[in-house]
Amino acid sequence: MPMQLLRQTFYFLRHGETDWNRIGLVQGRVNMPLNGTGLAQARAARDLLRDAGIGTICTSPLDRAQLTADIIAAGLHVPVRVIDNLRECGFGAREGHPKGAWYDAWRNGTTPAGAERFPAFLERALDGLNEALSCPGPVLIVAHGGIYGAIERFAGIARRERIPNGVPLFHAPPPKPLLAWRRQQIAGFAAA
């Protein structure tokens, strides 16, 4: 199977903010709830996406992503599909700690104790993304920063240091394969 995204337009939203996001701790698979800001971000994203024609919302099984997706789906009256392969990477012993040099080392092949290997994570993430992109669209994918890093890699988009919580991003495939996808922040959110 080629390591590429299905050529479908889609929206991506990193789940609403949690307390660990606010203080800069890596969550991985720790099931943190949304905080008040995260709930407000989900409602604002719902309102902004109201006229986007979303056909399906696909989400990670982790609570912070599912609640964000459910808030949006309730306002848009569209189905939510939980896709296990959209869950965040397991960072093992590094969960609950700030992102540091260990993160770049992980991306380069040094796996922290108990963590998912980077190549395995990318393969799983791509499977989850392509499963989502096979749903009736346009699709809104509600997931995590690590999943968005996989999107950037497979779409040839310049890597952001951090993807903001609760900000909808539109993605369109290039007119020709091997070119970078187009990423556009949905109007109404301040650049982050």
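Going by the alpha-carbon gyration tensor, a ≥ b ≥ c the square roots of its eigenvalues, is the chain rounded (a/c under 1.5) or, if a/c is not under 1.5, prolate (a/b greater than b/c) versus oblate? In terms of gyration-tensor shape, oblate.
Of the residues 173, 134, 163, the one whose Cα sits farthest toward the positive end of the charge dipole of the chain, with +1 on the Cβ of Lys and Arg and -1 on the Cβ of Asp and Glu, is 173.
With both labels modelled 7 Å from their Cα along Cα-to-Cβ, the residue 63 to residue 84 distance reads 2.1 nm.
Karplus-based coupling profile of the stretch 143-149, in residue order and whole Hz: 8, 10, x, x, 5, 5, x, with θ = phi - 60° in 6.51 cos²θ - 1.76 cosθ + 1.60 and x standing for Gly or Pro. Take every pair of alpha-carbon atoms less than 8 Å apart whose residues are at least six positions apart; their mean separation over the length of the chain yields a relative contact order of 32 percent. Dipole check for the chain: with +1 at the C-beta of Lys and Arg, -1 at the C-beta of Asp and Glu, and the Cα centre as origin, the magnitude is about 420 Debye. Whole-Hz Karplus values for the stretch 83-89 come out as 10, 4, 6, 8, 5, 5, 4 Hz, taken residue by residue from phi with 6.51 cos²θ - 1.76 cosθ + 1.60 and θ = phi - 60°; glycine and proline positions read x.
The phi torsions of the stretch 58-70, fed into the Karplus equation with coefficients 6.51, -1.76 and 1.60 and a -60° offset, translate into couplings of 10, 9, 5, x, 6, 3, 4, 7, 4, 5, 4, 4, 5 Hz, rounded to whole numbers, with Gly and Pro shown as x.
Can you compute the FRET efficiency between residue 51 and residue 113 using 1/(1 + (r/R0)^6), with r the Cβ-Cβ distance and R0 = 41 Å? Round to the nearest 0.05. Provide the component values of the computation, followed by the final result.
Numbers: r = 47 Å, r/R0 = 1.14.
It comes to 0.30.
Counting neighbouring beta carbons within 10 Å and listing from fewest to most, the residues 179, 140, 25 come out as 179, 25, 140.
Readers should treat all values here as calculations from the given coordinates under stated rules, not as data from a laboratory. Remember, it's a predicted structure, so these values are computed and weren't measured experimentally. No Cβ is skipped: glycine too gets one built from the backbone with ideal geometry, and neighbour counts run over all protein chains shown.
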